[in-house]
Amino acid sequence: MTNYSLKINNKTYSFDVVPDTPLLWVLRDALKLYGTKYGCGIAQCGACTVHIDGLPMRSCSVTIESVKNKSITTIEGLSIKNDHPVQLAWEAEDVPQCGYCQSGQIMTATALLNRIPNPTDDDINRAMKGNICRCGTYSRIRNAIKAAAKNMKP
């Protein structure tokens, strides 16, 4: 066991884990941040996407050792009242069905909009292609990203 101190959602947490522990286990089991979902466990579905230093990453496949000294944001840290423009657009466009993939989808979409404020359909398709929605809400996801892009403009 090694003691780690991580900055997650602008708070610093300390815990003892083995270095190859996946970040997802720490988020869900140690910190009880259940918004980040376990999907496939092999970084293929995107349900566990979080931001690491602002980049969307699969928390099931990054080790705690690899994220020390980095800033981590989960869906819980995106906004205090769930009123981030992407979250509001998700609700307005009625995106969620079963909802299981939604936190990963929202985290990936937010990272896209932070990088490309006015994305094209191709930009959206490239950014979101690794996030799988078993309910098939892809057209609503695209509409929500475009709506959020309009609302995020200064």
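The values are calculated or read from the model by the stated rules, or taken from the named source; none is laboratory data. It should be emphasised that the depicted structure is a prediction, and the values quoted were computed from it without experimental measurement. For neighbour counting, all protein chains shown are included, and Cβ atoms are generated from backbone atoms with ideal geometry for every residue, glycine included. Just so you know, the surface numbers come from the protein's heavy atoms only, side chains and all, with ligands and any DNA or RNA stripped out. Shrake-Rupley method; radii C 1.70, N 1.55, O 1.52, S 1.80 Å.
Give the lysines reachable from Lys11 as a straight Cα distance under 26 Å; neighbours fewer than 8 places away on the same chain don't count.
Candidates past the 8-residue exclusion: Lys32, Lys37, Lys68, Lys70, Lys81.
Taking the Cβ of Glu91 as the centre, find all other residues whose Cβ is under 14 Å away and add up their charges (Lys, Arg: +1; Asp, Glu: -1). Before the final figure, lay out each step's value.
Working: positive: Lys81, Arg140; negative: Asp83, Glu93, Asp94.
In short, -1.
Add -39500 (n - 2.57) for each DSSP H run of 4 or more in the chain, then divide by its residues: what number comes out at 222 nm, to the nearest 500 deg cm²/dmol?
Values: 5 runs with 49 residues, N = 154.
Result for the chain, helices only: -9500 deg cm²/dmol.
Sorted by mean Cβ packing within 10 Å, highest first, what order do the peptides 7-15, 94-102 take?
Details: 7-15: 13.6, 94-102: 17.4.
Peptide ranking by packing, descending: 94-102, 7-15.
Just add up the charged neighbours of Pro119: K/R +1, D/E -1, any other residue whose Cβ is under 10 Å from the Cβ of Pro119. The partial results should precede the final answer.
On the way: positive: Arg115, Arg126, Arg142, Lys146; negative: Asp121, Asp122, Asp123.
Cβ neighbours under 10 Å give a net charge of +1.
Which of rounded, prolate, oblate describes the stretch 28-154, given a ≥ b ≥ c as roots of the alpha-carbon gyration tensor eigenvalues and a/c under 1.5 marking rounded, otherwise prolate only if a/b is larger than b/c? Intermediate results must be reported in sequence, preceding the final value.
Working: a/c = 1.56, a/b = 1.40, b/c = 1.12.
Prolate.
With all protein chains present, how much of the accessible area of the stretch 1-141 (probe radius 1.4 Å) comes from carbon and sulfur, to the nearest whole percent? Intermediate values should be presented prior to the final figure.
Values: 3690 of 7310 Å².
The value for the stretch 1-141 is 51 percent carbon and sulfur by accessible area.
Give the lysines reachable from Lys146 as a straight Cα distance under 17 Å; neighbours fewer than 8 places away on the same chain don't count.
Leaving aside lysines fewer than 8 places away in the same chain, those within reach of Lys146 are Lys129.
Hey, can you find the accessible area per residue of the chain for me, probe 1.4 Å, expressed in square angstrom? Please list the in-between numbers first.
Details: 8150 Å² over 154 residues.
Per residue, the chain has 53 Å² of solvent-accessible surface.
Would you mind classifying the stretch 19-80 by shape? Square roots of the alpha carbon gyration tensor eigenvalues, ordered a ≥ b ≥ c; an a/c under 1.5 is rounded, otherwise it is prolate if a/b is larger than b/c and oblate if not.
Details: a/c = 1.24, a/b = 1.07, b/c = 1.16.
Judged from the Cα gyration tensor, the stretch 19-80 comes out rounded (a/c under 1.5).
Can you find, among Thr108, Phe15, Met128, the residue farthest towards the positive end of the dipole of the stretch 1-136? Put +1 on the C-beta of Lys and Arg, -1 on that of Asp and Glu.
Of the candidates, Phe15 comes out farthest on the positive side.
Please report, for the Cα atoms of the stretch 108-154, the Rg to one decimal and the Dmax as a whole number; what are they, in angstrom?
That works out to 10.2, 34 Å for Rg and Dmax.
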